[in-house]
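K.L.:
Here it is, the structure in full.
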Amino acid sequence: MPEEPCQCPDCQRFYREHDRLIRESPTLRQQQELNWAALQSFRTLSGRVLEDLQKQNGFRQTADAASLKPAAAGAPLPEESGDSLQQAIADLENINAHLFSIEALMERVFDVRVPEEIEQKFREMAGELAPDPLNVDRLRLNRLLHQTPDLPDRS
């Protein structure tokens, strides 16, 4: 007997997002584009945060060397956050390196093209994997499955 899916709020949010992405991008091509855009947005945001932290760290080191307070590179950082800032910078550098590797792999995935008949098969499977949650039949089924003694059906 298969194990029941986790019902915690984080997992439920993941399941909803997972299903939404399948419903909204039900073809191979759409999934490729969606993943490419997500990867690029992750790289852009992560890279920009890394650059900003490196600037702050550079200003901080210059200020520390001159025994002055940090300059206009954003909010001054407390003294004890120096180690955590260095660790965050190192972690983000590692993330960016991994994102570059993923990008290289995604380029190979992005090159794959399939005939329209196969794209139609993707659409069919998407409907089975992630049916429309607002479909009347789905709403009725969900209501029946989630009835409890303390919440009787009033119809």
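K.L.:
All but one of (1) in contact (Cβ under 8 Å) with a residue 40 or more places away in the chain; (2) part of a helix (DSSP H, G or I); (3) closer than 30 Å to E128 by Cα hold for A38, so report the exception by its number.
P.N.:
(1)
K.L.:
What number of residues within the stretch 93-132 are under 14 Å from Q31 (Cβ atoms) and part of a helix (DSSP H, G or I)?
P.N.:
Selection size over the stretch 93-132: 11.
K.L.:
Pairs needed: first member in the stretch 87-101, within 15 Å of S41 (Cα to Cα); second member anywhere, of a type in the set (A, V, I, L, M, F, W, C); C-beta distance under 6 Å; at least 6 residues apart or different chains.
P.N.:
Listed pairs, sorted by first residue: L92/L50.
K.L.:
Also, I was wondering about something else. Restricting to the stretch 27-72, name every residue that is hydroxyl-bearing (S, T, Y) and modelled with pLDDT of 95 or more.
P.N.:
Taking the stretch 27-72 as the starting set, the residues that turn out to be hydroxyl-bearing (S, T, Y) are 27, 41, 44, 46, 62, 67.
Of everything in the stretch 27-72, those that are hydroxyl-bearing (S, T, Y) and modelled with pLDDT of 95 or more turn out to be T27, S41, T44, S46.
The values are calculated or read from the model by the stated rules, or taken from the named source; none is laboratory data. Note that the coordinates shown come from a computational prediction; the quantities given were computed from them, not determined experimentally. Every residue, glycine as well, gets a Cβ built from its backbone with ideal geometry; the counts of neighbours run over all protein chains shown.
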